[in-house]
Every structure is written in C-alpha cells, then in structure tokens.
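All remarks here apply to the structure that follows.
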Amino acid sequence: MKIGFLIYPNVTALDFTGPAQVFSQLAQCDIYFIGKNNDAVQTDAGFSLNPTTSIQECPQMDLLCIPGGLGQKVVADDPQFMDFIQQQAKEAKYLTSVCSGSLILAKAGLLKGYRATSHWAALDQLNQFGAIAVDQRVVIDGNRISGGGVTAGIDFGLTLVAKLFGEKVAKHIQLGLEYDPAPPFDCGSPKKAPKELTEKIRQRFSQVEII
C-alpha cells in the first residue's frame, strides 16, 4: 500500500511524523514524502526533511495525506500542488488530512458534502468550502478521513490502521509505540483550557492567513 504525505515549507512536523511513525510499523506499507521538487523542506519545528519523491515523479498513492502548517497557503495558492492533489484524488482509495491540512483538501473541492475535522482554531473555515465541520479527534466519512490538530495525527494513524488492517494490529502498534497519553496539564482543548488562554491561541491563528 502506497501512503503519501505532502510536505511543504513550514509544514507542521508532528502532523505527518506522528502518523508516519504509526504506518512505518507495517510491512504492507510504503511511505512517501512528497515535495514540490527534491529539495529539502524545512518544517515549522526548524528541522528539514528530504522528500522521497516530487509531485512530478510521484506514483499513484493508495492513501494521500495532507498535513497542516503555517505554510499551507503556499500549497493552496500553487496550481501545481493543487493539480497534483486533484489528480491523485481520482484514483486514491483514501483522501486524508491532519490538522488544518483539511482546508487544503476542502479548497481543492474534495470535501464538498463530506464531514471533516481540523485544528479547533481553523474548524470554522471548513464550512466556507462546502465541507461539514465536525469537532472530533478523528472523522471518517466514506474514504475521506481527517484528524484534528497536530497530536491527533497519532490517533488518526491508529484509527486508519484499525480500519485497514484490524484492531489487533492497531493495538499492537499502539503498545509498541507506548502511546499512553498522560499530559501534564488538562488544557489541550478549548473545552478544557481557560478562556483567556484559548483566546490568545485563537488570536495568534487569526493573524496568519491559513488558506
């Protein structure tokens, strides 16, 4: 199974490294990191990653995943990137996203009428492109599967493994990765965080043109 992650300047590292780590445990999967070309791509965490293929050379993916990030407007405004996504969508078995990457799928016209999620601070924007925004960690609607913000990428990956290869396999991977979240603070969601902290994060996002 060919699984591809689209990477671009200022992509959020954990959006794709989390699920990629999950999928890497499967011998049945080949993972591709797809760049506009073969040049190294700097993530928002400051480290760079070398694409394993480019949008010109990339074979057809069985599963295409679009991660989010502050650089995603580069993708949304680039006809070559968007054409690549739309062409891949014609044959891909699954079209997926993590965090605000769902906005890119939505802008490409691939989420019209589909339920999808995103980072909580970007969730409202999904409706602008005909998607049905859902405030959930992972949302499955047909062959459209989306994960919420950043860390939800790991949940997204495990959910997909369970769907494709069975719950037993997913549990095996979860245990092997010791994915047993116990955050030091109970404020990882606007439903739990103090209002003033939520507003600070929301304001920070509003200052960035996401799509």
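Couple of notes before you dig in:
- With at most 16 neighbouring Cβ atoms within 10 Å, loop GluC sites (Glu not before Pro) (DSSP) excluded, longest segment of the chain: 92-177
- Cα centroid of region 177-191 to Cα centroid of region 80-100, whole Å: 30 Å
- With every protein chain in place, the chain: carbon and sulfur % of accessible area (1.4 Å): 50 percent
- Measuring only protein heavy atoms, the 1.4 Å probe finds Ser100 accessible over about 10 Å².
- Per-residue SASA remark: Lys163, around 100 Å² accessible (1.4 Å probe; ligands, DNA and RNA not included).
- Cβ-defined net charge surrounding Thr96, 12 Å radius [Lys, Arg +1; Asp, Glu -1]: 0
- Mean-position separation - Cα centroids, region 149-171 and region 38-59, in angstrom: 24 Å
- Radius 9 Å from Cβ of Ile140, net charge of other residues (Lys, Arg +1; Asp, Glu -1): +2
- Note on Glu91 and Asp77: the model spin-label points, each 7 Å out from Cα along the C-beta direction, lie 3.2 nm apart.
- The heavy atoms of Arg115 present about 80 square angstrom of accessible area, all protein chains included, probe 1.4 Å.
- With the convex hull drawn over the C-alpha atoms of region 24-99, the volume per residue is 108 Å³.
- Computed E for Gln136/Asp44 - FRET, C-beta separation, R0 25 angstrom, nearest 0.05: 0.55
- Calculated accessible area for the chain comes out at 49 Å² per residue, all protein chains present (probe 1.4 Å; ligands, DNA, RNA ignored).
- Considering region 110-205 at the alpha-carbon level, its Rg and Dmax are found to be 15.1, 42 Å.
- Projected label distance in nm at Glu57 and Glu167, using a 7 Å step from Cα toward the beta-carbon: 4.3 nm
- Additional length obtainable on full extension of the chain from Leu70 to Gln203, 0.36 nm per residue less Cα span: 46.5 nm
The values are calculated or read from the model by the stated rules, or taken from the named source; none is laboratory data. Fair warning: this is a prediction, and the values are worked out from it, not measured in the lab. Positions of Cβ are backbone-derived with ideal geometry, glycine not excepted, and every protein chain shown enters the neighbour counts. These area figures cover heavy atoms from the full protein model, side chains too; ligands, DNA and RNA do not enter into them. Shrake-Rupley method; radii C 1.70, N 1.55, O 1.52, S 1.80 Å.
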